[in-house]
1. Consider ALA229 carefully, then state whether it is modelled with pLDDT of 95 or more, hydrophobic (A, V, I, L, M, F, W, C) and part of a helix (DSSP H, G or I).
2. Find all pairs meeting these conditions: Cβ atoms under 9 angstrom apart; at least six residues apart or on different chains; first residue within the range 119-133 and farther than 19 Å from PRO56 by Cβ; second residue among the basic types (Lys, Arg).
3. Kindly indicate whether any position in the range 68-89 is more than 10 Å from the ligand (Cβ to nearest atom), in a helix (DSSP H, G or I) and under 16 Å from LEU183 (Cα atoms).
4. Which of (1) among the hydrophobic types (A, V, I, L, M, F, W, C); (2) crowded, with 16+ Cβ neighbours inside 10 Å; (3) assigned by TED's automatic domain parsing to the domain that holds LEU120 does LEU330 not meet, given it meets every other one?
5. Are any residues in the range 212-224 touching a residue at least 60 places away in the same chain (Cβ under 8 Å) and not aromatic (Phe, Trp, Tyr), and if so, which ones?
6. With touching a Cys at 6+ places or on another chain (Cβ under 6 Å) and within 18 Å of ASP362 (Cα to Cα) as the only criterion, which of SER129, SER92, SER135 stands out?
Amino acid sequence: MICEKYVFNWQGAVLLKNILLIFSNILLYTFFMNLSRLPKKDTIIYIANNFMEKQPILFSGIKPTGRPHIGNYLGALKNWVELQHTHNCIYSIVDYHALTIEIKPVELTANILALAKTLLAIGIDPKKSTLFIQSHVPEHTELAWIFNCMTPVAEMERMTQYKDKAKQHKKNINMGLFDYPALMAADILLYRAEAVPVGEDQLQHLELTRIIAKKFNNRYEKYFEEPQAIITKAKRIMSLTDPAKKMSKELGESSYISLLDSPEQIRKKIMKTVTETSTSKTGNMSPGVLNLIELLNHFDNQKASQEYANQYNKGVIKYAELKTAVADTLITYLKPIAEKYNDISDIEVKNILRDGAVEAKDIAQKNLKEIKNIIGLI
Ligand code: TYM
């Protein structure tokens, strides 16, 4: 009898030991697989985050106002993909922000789905990041109202994006356009994010977000982090038709290369880009040429970028050759993105966005409840 009990316990212990061994092997395998995929500079951060502390929370968003372009990609989205290794990433298709300009309902719906598919195609991984549609989590607009009641009008009036957009959309200068930065602050602070990868044009909005966070912390209690921007080397890509302005979805299709443009469209748009402008006479490289040479660099063709910069300095550059090199580089780089995009079905992307909204809501509801408690709402 004693002997049987002993055998049973012994077998149980062996079984438990084997289960533990399998689990620890799976954990080790996942850890080293992730490690091997990381760029070298991120390895130490990854190890530190895994063994010492939780990954910092990161939030960013993009408006579904048109097809995402290479300015969005180089300025922000490429970074979104890389930061998935080191941060707890929450990414949103900010559809309420898109309503600040006039947009047809069918167009908006199509843009949202196309944008979500594009984000997946460039490498946003729903297993690593939360990807959702802003309007699926109503806590964003609720928190924006709370922030409205704390943000001085004078701060809003300083916003250069508001001034630019008001000039651009003279017949539709609506309250949403003016109040846009309060909603943006709510997007970020709702998740108590510490990091926000964006292009240079969003820095002023982020500064206002920090002002709002500070105001809240001072008036009530320290609740929010003051989020920091994460900027890439390509923080401002210029328009192809007017290189004095930043590339934007709203400046017309020929002014930007969409991540989904066909090879023919890419070549046509690049061959038509503005190169020499009046500013070139000052001796500095003209902004149009600089933009093209930098595009070569950002899209991993550093050798050609250097070569054309040298040719420009020697005064022997041939613009048709430079444009052909840029078009070829872009076509090669963007091909796999278009292929992945075409593999993703509407059902698949809708399921991912639905699951993402559930994840985001979980955090948003908990945090908004705490915020309401702090300010005295019951
Ligand atoms: P949006 O949709 O205009 O652009 C998305 C991201 O792309 C960056 N970007 C650029 N970067 C370099 N060169 C360019 N020409 C260029 N054009 C756009 C933008 O800086 C942005 O990072 N307000 C935001 C959306 C937003 C948001 C947020 C962002 C709403 N809530 C909270 C961060 C956190 C916008 O209009 O991005």
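1. Working: modelled with pLDDT of 95 or more: yes; hydrophobic (A, V, I, L, M, F, W, C): yes; part of a helix (DSSP H, G or I): no.
Criteria not met by ALA229.
2. Between residues of the range 119-133 that are farther than 19 Å from PRO56 by Cβ and residues that are among the basic types (Lys, Arg), the close pairs are LEU120/LYS340; ALA121/LYS340; ILE122/LYS78; ILE122/LYS340; GLY123/LYS78; GLY123/LYS340; PHE132/ARG354; PHE132/LYS361.
3. Checking the range 68-89: not a single residue is more than 10 Å from the ligand (Cβ to nearest atom), in a helix (DSSP H, G or I) and under 16 Å from LEU183 (Cα atoms).
4. (3)
5. Those that are touching a residue at least 60 places away in the same chain (Cβ under 8 Å) and not aromatic (Phe, Trp, Tyr): ILE212, LYS215, ARG219, GLU221.
6. Details: SER92 fails: touching a Cys at 6+ places or on another chain (Cβ under 6 Å); SER135 fails: touching a Cys at 6+ places or on another chain (Cβ under 6 Å).
After applying the criteria, what remains is SER129.
Residues are listed down the side, and each one gets a yes or a no for (1) in the same structural domain as LEU190 (by TED's automatic domain parsing); (2) more than 16 Å from the ligand (Cβ to nearest atom):
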position	(1), (2)
TYR223	yes, yes
ASP242	no, no
PRO263	no, yes
MET271	no, yes
SER286	no, yes
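Yes/no per residue for (1) more than 14 Å from the ligand (Cβ to nearest atom); (2) in a helix (DSSP H, G or I); (3) within 21 Å of PHE59 (Cβ to Cβ); (4) under 19 Å from the mean Cα position of the chain (by Cα):
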site	(1), (2), (3), (4)
ILE146	yes, yes, yes, no
MET150	yes, no, yes, no
ALA154	yes, yes, no, no
GLN161	no, yes, yes, yes
ASP164	no, yes, no, no
LYS171	yes, yes, no, no
LEU177	no, yes, no, no
ASP187	no, yes, yes, yes
ALA193	no, no, yes, yes
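The values are calculated or read from the model by the stated rules, or taken from the named source; none is laboratory data. Bear in mind the structure is a predicted one, so any value in this text is a computation, not a measurement. Neighbour counts are summed over all protein chains in view; Cβ atoms, including those assigned to glycine, are modelled from backbone coordinates with ideal geometry.
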